[in-house]
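What follows is a single structure, written as structure tokens, with notes after it.
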Amino acid sequence: LPSILTYFILMRIAMSFIFSHIGFQYARDITKGDLSNYLHRPISYPMLKLCSEIGANSARTVIGILVYGAIIFFFSDLFEFHLSIRLIPLAFVSLLFGFLINYCLAAMMGMLSFWMTDSTRLIYIYFSLVTIFSGMAAPLDIFPKKIYAILQWTPFPYTFYLPVKFLMNSIPTGKIASNLGTQMLVLFLVSIVAYLMYTFGLKKYEAVGK
């Protein structure tokens, strides 16, 4: 029980930093033509949104740490923490990678509005999938082994589940480097796909009167 409770409270803290609604912003700006207001400026729209999201999520994380930290403090007997000092930097790196992967995936859902009238429904579907298969709803350890093995070939475990496992210090020492390397590879692949979608999407983009 303490392990499960620790997992879920750390997941809530991780979610405050990683979770992103950026897909709705992409979809709205593309559909309504507001993207045009950024294209003629000497700034990158994706980088502007990324920096804005990092700032908002960082503030939300501070609040989350204060709130959930108070819960941990007053009910410390219900939790167990084993994070070593040497793993703290790696845990922060994994959290950052998880945020960037989730940001790219959510943004990609919003970018589908380049080719569709409205991709909002697909964003909700993505949220449903990521809730189930990223460890937000339940630890992936309890999934059947075959399903767990299949999920390793998707980006979902590397958004929320892996950073929390780092925070819990429950990754075998011999697999720390490989897990972090895989997460980095997933980030590289989804960022390339997101970049290509944005590049080709701009060629389809139209905004009359903007």
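Just to confirm the filter: which chymotrypsin sites (Phe, Trp or Tyr not before Pro) across the range 77-165 are DSSP coil and have at most 15 other Cβ within 10 angstrom of their Cβ?
Answer by residue number: F81, W115, W153.
For the range 102-115, take each phi angle, set θ = phi - 60°, evaluate the Karplus expression 6.51 cos²θ - 1.76 cosθ + 1.60, and give the result in whole Hz per residue in order, putting x for glycine and proline.
5, 4, 5, 5, 5, 5, 4, 4, x, 5, 4, 5, 4, 10
Direction-averaged shadow area of the convex hull around the Cα atoms of the range 85-182, nm²?
That works out to 6.8 nm².
Quick one: plug the Kirkwood hydrodynamic radius of the range 79-139 (C-alpha pairs) into Stokes-Einstein at 37 °C, 0.692 mPa s, and report D in µm²/s.
Approximately 238 µm²/s, per Stokes-Einstein.
So if we plug the beta-carbon distance of N37 and I65 into 1/(1 + (r/R0)^6) with R0 = 30 Å, what FRET efficiency do we get, rounded to 0.05?
Efficiency, from the Cβ-Cβ distance: 0.30.
Rounded to two decimals, what ratio of Rg to Rh does the range 6-91 give with C-alpha atoms and a Kirkwood Rh?
In the range 6-91, Rg relative to Rh is 1.16.
Just to confirm the number: angle between the C-alpha axis of helix 120-133 and the first principal axis of the chain, 0 to 90 degrees, nearest 10?
Between helix and principal axis, roughly 20 degrees.
What is the distance in Å between the Cα centroid of the range 63-99 and that of the range 1-55?
When both Cα centres are located, 21 Å separates them.
Who wins for biggest fluctuation among I125, I142, I63 in a Gaussian network model of the chain, springs between alpha carbons below 10 Å?
With Cα springs under 10 Å in the chain, the top fluctuation among I125, I142, I63 is at I142.
Expressed as a whole percentage, what fraction of the accessible surface of the range 49-196 belongs to carbon and sulfur atoms when a 1.4 Å probe is rolled over the protein heavy atoms?
Accessible surface attributable to carbon and sulfur in the range 49-196 totals 75 percent.
With every protein chain present, what accessible area does H21 have (1.4 Å probe, heavy atoms only), rounded to the nearest 10 Å²?
90 Å²
Determine, from the Cβ-Cβ distance of H21 and S178 and an R0 of 30 Å, the FRET efficiency 1/(1 + (r/R0)^6), rounded to the nearest 0.05.
Computed FRET efficiency for H21 and S178 comes out at 0.40.
Taking all pairs of distinct Cα atoms, average 1/r, flip it, and tell me the Kirkwood hydrodynamic radius of the chain in Å to one decimal place.
18.3 Å
With each pseudo-label sitting 7 Å past Cα toward Cβ, what's the A137-S76 distance in nm, one decimal?
Taking the two extended label points, one gets 3.6 nm.
Can you compute the charge dipole magnitude of the chain about its Cα centre, using +1 on each Lys and Arg Cβ and -1 on each Asp and Glu Cβ, nothing else charged? Give it in debye, rounded to the nearest 20.
340 debye
Suppose R0 equals 25 Å. What FRET efficiency, 1/(1 + (r/R0)^6) with r the Cβ-Cβ distance, do L83 and C51 give to the nearest 0.05?
Step by step, r from the Cβ atoms, then E = 0.30.
For T159, list long-range residues whose amide hydrogen, built 1.01 Å from N in the peptide plane, is under 5 Å from its own amide hydrogen.
none
In degrees from 0 to 90, rounded to the nearest 10, what is the angle of the helix 2-18 Cα long axis to the longest principal axis of the chain?
Its long axis makes an angle of about 20 degrees.
How would the range 50-91 be classified by its alpha-carbon gyration tensor: rounded, prolate or oblate, with rounded meaning a/c under 1.5 and the a/b versus b/c comparison settling the rest?
Because a/c hits 1.5 or more and a/b fails to exceed b/c, the range 50-91 counts as oblate.
Shape call for the range 130-210 from the C-alpha gyration tensor, a ≥ b ≥ c root eigenvalues: rounded (a/c under 1.5), prolate (a/b greater than b/c) or oblate?
Here the range 130-210 falls in the prolate category.
Counting only heavy atoms of protein chains, what accessible area per residue, in Å², does the chain have with a probe of 1.4 Å?
55 Å²
Relative contact order (percent) for the chain, with alpha-carbon contacts under 8 angstrom and 6 or more residues of separation?
Contact order relative to length: 34 percent.
The values are calculated or read from the model by the stated rules, or taken from the named source; none is laboratory data. All values derive from a computational prediction rather than experimental measurement. Ideal geometry is used to build each Cβ from the backbone, glycine not excepted, and the neighbour counts take in all protein chains shown. Note: accessible area is taken over every heavy atom of the protein model, side chains too, but ligands, DNA and RNA are not part of it. Shrake-Rupley method; radii C 1.70, N 1.55, O 1.52, S 1.80 Å.
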